[in-house]
Each structure stands twice: as C-alpha cells, then as structure tokens.
Amino acid sequence: MNAMTKQIGENLKSSFTVLLSRSIKSMTAVLFLSVLSAGSLAGVGEGQELYNAYCQICHGVLGEGQAMGKPLTDSPANRLADQELIDVITEGRAGTGMVAWEGSLSEVEIFDIASYIRNLQGKPALILGDDDSGPSDDPNVIAGEMLFNGSAECATCHSYDDKGGSVGPSLDGVSSRLADDALLQALMNPSASIVSGFGTKEVEQEDGTVIRGRFRNDSELAVQIQSADGRRWVTYFKERVTQVRDSDESVMPDTFANLGANEQQQVLAFLRSL
Ligand code: HEC
Ligand code: HEC
C-alpha cells in the first residue's frame, strides 16, 4: 500500500468518523453496510487484505477460528467494545499466541483490520472516540458536554456511555428517541410528560418531613423511593408514615430552563450528538 493510498484512506476515514459520530445513531446498520459495500470506506478493503495476510492463519478466513486462534465472530470477541478490539490487536494478549501488532502494523492499519473484523461480525463499523472525550470538532458539542458533566449537573442524574447517574433515564440515543420539539419540552418543562418508570411519589413522614423521589414497588405495605444520589432504594412502610401520595411533578429540576441562551444551545447540541 503506497503512501498516497494511505493518505486518501486516512482522509476518507477522518471525514467518515466525524460524519459517523454525528449520524450513526440515526442511520441503520443496513444502510451503513450498503455504504460499505459501495466501497466508500477504503479502510475496510485494506483491512481485509491485511487480515488475510496476517490474521487469517490463526483466526480463519471468516473469523470462525482455527486451531491456533479463537473465533472472532462469536462471544467474547464480538462483545469487545471498539476500543478493546483495537487494544487487543495493538497490545496482544500476554502469554498467548496473540502477539502485539503495534510495531508491525501502523495505527491506521490496525483500525482498518478492526473495521474488517466488525464487518465479519456483521456489525456497524468502528466509531472511535465515542467514549470519554468524544473528539467532536463542534465547539458547541464540546462546551455542551462540559456543562452537562459540570455546572449544569445533568450527569448527577443522567448517564451516557455508561457514565453518570441513574435518577433519570440514560440519554444514550436520546436524539433519535425524541424529536427536537419533544426534546426541548423534556428540558424546558420536565413535568409536562414524564418518562414511564421515572414518576415521582411523595412520602410524608410522621415528623412532617416530605421525601420526594422516583419510586418503585408501590405495594400495599410499602413504597420504595430512590435516594437523591440515585445509589439506594429506600423502603418506607406505609403504616409508619403519615401519607404516600403521587406527584405529577418530575424529579428533574428546571436547571436547563435557568441556563443562559448560549449554554442552552450548547447542551442541546451535545444532546443531539448522543
Ligand atoms: C499465531 C496465531 C495468531 C495470529 C497470527 C493472530 N492471532 Fe489473534 N489471537 C490468537 C489467540 C491464541 C488468541 C486468544 C488469546 C486469549 O486466549 O485471550 C487471539 C485473540 C485475538 C482477539 C481477541 C479475541 C477474544 O476472544 O477476546 C482478537 C480481536 C484478535 N486475536 C485479533 C487478531 C488480529 C486482528 C490478528 C492479525 C493482525 C491476529 N489476531 C493474529 C492467535 C493469533
Ligand atoms: C435531579 C435529577 C435530574 C437532573 C439534575 C436532571 N435531570 Fe433530566 N430527568 C430526570 C428524570 C427523573 C427524568 C425522567 C422524568 C421526566 O420525564 O421528567 C428526566 C428526563 C430528562 C430528559 C427526557 C429523557 C427521555 O428519554 O425522554 C432529558 C432529555 C433530560 N432529562 C435532560 C437533562 C439535562 C440536559 C439536564 C441538565 C441540564 C438534566 N436532565 C438534569 C432527572 C434529572
């Protein structure tokens, strides 16, 4: 593979990755695969050549496994996250026939092979950088993510990419779940429609204090309310409290409504990238 093909591959790939991280969630895998087979993603073809040259001998032509190497199309290999897949190829598995390929293969080549393995697994291609820092190049998205995890305190209740709180629903894929107006309403007026499973109850205790929170297991005897930090479910026995009542107010505070217009745009841009 000459330097020029490589460069073209890289350019294609970086524009693709940006495009992907913005729109993969609204694209179906089928659509994506048909894009692949149209040959727009040069990397996968190269990945196939490299795979056949270096990996096939132990992992089989179609990743089905051979005497010297494990299958790549079954679990656990098809459960590896994108970064784990890249890491195992890069670093190998100490003490096994799987050597580290960094040094013999460039990062781009490893990315291409990993993409091809995803192809063999029948999965959408890799999206790198979707975790942690999410190197989106849109400054609004970056600023919005910082607000979300920082001063706007959304992350105390909401998670994405498996990070964050559990008082509110996970926001992975929220951009495809909610149209723009529904998303805006969920943010500006949380109580207008409450996500099922995230309703609120109030427990008035004998000393007059009132506990509000997401509930579950409302039985004849007791109700369980999630603690404000989301970590525990606290049981209140009905005979020991003054009253348990439904609340039609969301647990979600109006933090979003109180942000400045600029910050709202940033948080919105970030949510739309999820
Ligand atoms: C000499 C044989 C050999 C070659 C060549 C080889 N592998 Fe492996 N590979 C293995 C073995 C053995 C394992 C299982 C290691 C273990 O037990 O965890 C493995 C594990 C893996 C895994 C993790 C699978 C899992 O179940 O977690 C991946 C991914 C992988 N190899 C990809 C590759 C790629 C890509 C190449 C080519 C660049 C390659 N391998 C070349 C032998 C090989
Ligand atoms: C105290 C916890 C809490 C905080 C802080 C919080 N939320 Fe929520 N959020 C919830 C709960 C609970 C729900 C589900 C109930 C509802 O629909 O109002 C929810 C619902 C949502 C929804 C609708 C999700 C869906 O699937 O329909 C979005 C979007 C959302 N929150 C975004 C945010 C953003 C952005 C912030 C920060 C500005 C934030 N939330 C802060 C608790 C919280």
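The value of relative contact order for the range 200-247, using C-alpha pairs under 8 Å at least six residues apart, is 41 percent. Considered as an equivalent ellipsoid built on the Cα gyration tensor, the range 200-247 has semi-axes of 15, 12, 9 Å, the largest given first. Counting only aspartates and glutamates at least 8 places from K163 when in the same chain, those with an alpha carbon closer than 19 Å to its own are D82, E84, D130, D131, D132, E145, E153, D172, D229. In terms of overall dimensions, the range 167-218 has a Cα radius of gyration and Dmax of 14.3, 45 angstrom.
A crude spin-label estimate for the pair E204 and R93, with each label 7 Å from Cα along the Cβ direction, gives 6.1 nm.
Here the simple spin-label model places points 7 Å from the Cα toward Cβ, and for S193 and D180 these points are separated by 1.7 nm. Measuring r between the beta carbons of E220 and D248 and using R0 = 30 Å, the FRET efficiency lands at 0.85. Under 5 Å from the amide H of A222 lie the amide H atoms of K238, each residue being 5 or more positions distant or on a separate chain, with H modelled from the backbone and absent for Pro and chain starts. A simple rule links phi to the HN-Hα coupling: the Karplus curve 6.51 cos²θ - 1.76 cosθ + 1.60 with θ = phi - 60°, which for the range 251-260 gives 5, 6, x, 8, 4, 5, 4, 8, 6, x Hz, with x for Gly and Pro. Centre-to-centre separation between the Cα atoms of the range 133-210 and those of the range 50-79: 41 Å.
We did not get these values from a lab; they are worked out from the coordinates using the rules stated. Because the structure is a prediction, the values reported are computed rather than measured. So basically every Cβ, Gly included, is an ideal-geometry build from the backbone, and we count neighbours across all protein chains shown.
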